[in-house]
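The structure appears right after this line, and notes come after that.
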């Protein structure tokens, strides 16, 4: 999210969609959705330093969302777990 965000700015829904569909490409949680990474892992990454580029920006955003208790913002992007399994088969 490289935009300047003022206090009255609304989150970019396309960026949230990207966060909700991007998977961690490496490490212990490889292939897990960024929004589903455990908070302690994201905090650890924040302390070690996020990777450069888009992935680092997205992980930084996930960190801020989790650290501030705003995970409910991802609710509209989550699939329904029980009902959606049949639809994927």
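Rule-based calculations on the coordinates, nothing more; no lab input. Note that the structure is predicted; figures quoted are calculated from it, not measured. Every residue, glycine as well, gets a Cβ built from its backbone with ideal geometry; the counts of neighbours run over all protein chains shown.
Neighbouring Cβ atoms within 10 Å as the yardstick, rank 60, 78 fewest first.
78, 60
Quick one: compute the contact order of segment 13-71, relative version, from alpha carbon pairs under 8 angstrom and 6+ residues apart, as a percent. Kindly include the intermediate steps, with their values, before the conclusion.
Values: 40 pairs, mean separation 15.2, N = 59.
Computed over segment 13-71, the figure is 26 percent.
Listing 43, 62 from the residue with the fewest other Cβ atoms within 10 Å to the one with the most, what is the order?
In increasing order of surrounding Cβ atoms, one gets 43, 62.
Quickly work out the residue 22-to-residue 73 label distance, labels modelled 7 Å from Cα along the C-beta direction, and quote it in nm with one decimal.
The two pseudo-label positions are separated by 1.4 nm.
Sort 73, 34 so the one with the fewest other Cβ atoms within 10 Å of its own Cβ comes first.
Starting with the residue having the fewest Cβ neighbours, the order is 73, 34.
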